[in-house]
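Everything below concerns the one structure shown next.
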């Protein structure tokens, strides 16, 4: 009796289908639920349905007032712009600090690279909240970071950059917020850069040197362009979660560091206005996804033209 043969594509279908199933269950369905709530209105204690079935008639009622209100109220516009600004500044700070560190890791001996990798991932061994609370102590009066900044006079420079209001006041300012966010998301910038730089062909730098390029010119004309994929990946991993960050702005931020995550929390749990909060969340997702989609399309078109 011949045995039933399993098609060879079955394993490939499982490998491809499981990630799509995961995205459907844990991303698409929650997003559709939030999207449905954003078009509804709030009853006394629950969210009203957007559809109804009465006497054989199915009615769909979409309430656009929540989205119109977001465009009319200056608070939400400022919160969105502030979130994008702080996310961009955090991304730039992580790239400025993370690129040299990733470059050093990639150029280190193979025996040292696992140790350096462990040092990058070491902060993940402790609680995220504990690390943020630690910065509260370091930046408060009496902390050694506070003392170092005061002793070197850097607080006057921070005041000139409008990151703090007065010298000596470091906590609950844009400066403390940026310090906490850069520290939190720095590993997400270093790891993609290291993975990209470690695979770079060193013979290209030797060829650039043979053609008369200085080390600095070779770095900008060879290393940086070849590491563009790592820069983009690290920037996305940092920028996207920073836009909706809540914990760090709540603990380290102040009145000048309004972010949309805090506004979202207030609407959900303070005002109990779930439809408006859902509309805020949908707009945040669109602010992140649309630029990513446009960027990916431009990248694909550039690859097609170069091919």
task = List the number of the failed condition for residue 30; all other conditions in (1) crowded, with 17+ Cβ neighbours inside 10 Å; (2) without any contact (Cβ under 8 Å) to a residue 40 or more places away in the chain; (3) within 31 Å of the chain's Cα centre (by Cα) hold.
result = (1)
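One line per residue, one yes/no per condition, for (1) surrounded by 12 or more Cβ atoms within 10 Å (Cβ to Cβ); (2) in a helix (DSSP H, G or I); (3) at pLDDT 90 or above:
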{"site": "276", "(1), (2), (3)": "yes, yes, yes"}
{"site": "282", "(1), (2), (3)": "yes, yes, yes"}
{"site": "291", "(1), (2), (3)": "yes, yes, no"}
{"site": "297", "(1), (2), (3)": "no, yes, no"}
{"site": "300", "(1), (2), (3)": "no, yes, no"}
inquiry  = What's the number of the only condition in (1) within 24 Å of the chain's Cα centre (by Cα); (2) farther than 18 Å from residue 97 by Cβ; (3) surrounded by 12 or more Cβ atoms within 10 Å (Cβ to Cβ) that residue 126 fails to meet?
reply    = (3)
ask   = From 213, 208, which residue is over 29 Å from residue 137 (Cα atoms), at pLDDT 85 or above and crowded, with 18+ Cβ neighbours inside 10 Å?
value = 208
ask   = Which of the residues spanning segment 71-106 are under 20 Å from residue 189 (Cβ atoms) and either without any contact (Cβ under 8 Å) to a residue 24 or more places away in the chain or not in a helix (DSSP H, G or I) (or both)?
value = 85, 92, 96, 100, 104
request  = State all residues of segment 33-56 that are assigned to a helix (DSSP H, G or I), in contact (Cβ under 8 Å) with a residue 40 or more places away in the chain and out of contact with any strand residue (DSSP E or B) (no Cβ under 9 Å at 6 or more places or on another chain); if no residue qualifies, say none.
outcome  = 34, 35, 38
task = Sort out which residues of segment 167-194 are farther than 21 Å from residue 242 by Cβ and touching a helix residue (DSSP H, G or I) at 6+ places or on another chain (Cβ under 7 Å), and write them in order of number.
result = 167, 168
message = Test of understanding: among 143, 71, 93, which residue is within 24 Å of residue 257 (Cα to Cα), surrounded by 15 or more Cβ atoms within 10 Å (Cβ to Cβ), at pLDDT below 90 and in contact with a helix residue (DSSP H, G or I) (Cβ under 9 Å, 6 or more places away or on another chain)?
response = 143
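The values are calculated or read from the model by the stated rules, or taken from the named source; none is laboratory data. These numbers were taken from a predicted model, which means no experiment stands behind them. Glycine gets a Cβ as well: all are built from the backbone with ideal geometry, and neighbour counts include every protein chain shown.
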